[in-house]
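The values are calculated or read from the model by the stated rules, or taken from the named source; none is laboratory data. All values reported here derive from a predicted model rather than from experimental measurement. Neighbour counts run over all protein chains shown; Cβ positions are idealised from the backbone, glycine included.
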Amino acid sequence: MAAKVYIDKLNLTTDQKSELQDIYTSENVQDFTYLPHDESQQISATALLATHQLDFDARENFASRWSIKWRVNSGAGKKADCRVLYQWYASSI
């Protein structure tokens, strides 16, 4: 499925941009889809986010180093969808 990731919205160094382009060129992209009404899939999605410190508390914390770089909402009701691109803030960027 590999949805388009808007890497142009990220603050990247030249080397980081090159590395990302290499990932997409090699088609070595990991893509996960979690259905919103499937409890076991939501638990898996929550666990994946938590492993990257993207759990709800971390995202809402004022000291969080994650920031939203791009977001789009589409659909309504059960077909509602929200895609968000987060970036970890590092002082070296």
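Data overview
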{"quantity": "Helices (runs of 4 or more DSSP H) wholly inside region 5-93 containing at least 2 residues that are small (G, A, S) and modelled with pLDDT of 85 or more", "calculated": "39-51"}
{"quantity": "Subset tally (residues that are closer than 19 Å to R83 by Cα, among the β-branched types (V, I, T) and in contact (Cβ under 8 Å) with a residue 40 or more places away in the chain) for region 1-41", "calculated": "1"}
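Quick grid of which residues meet (1) loosely packed, with under 13 Cβ neighbours inside 10 Å; (2) within 18 Å of Y89 (Cβ to Cβ):
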| residue | (1), (2) |
| --- | --- |
| I23 | no, no |
| S26 | yes, no |
| Q30 | yes, no |
| H37 | yes, no |
| S40 | yes, no |
| L49 | no, yes |
| F56 | yes, no |
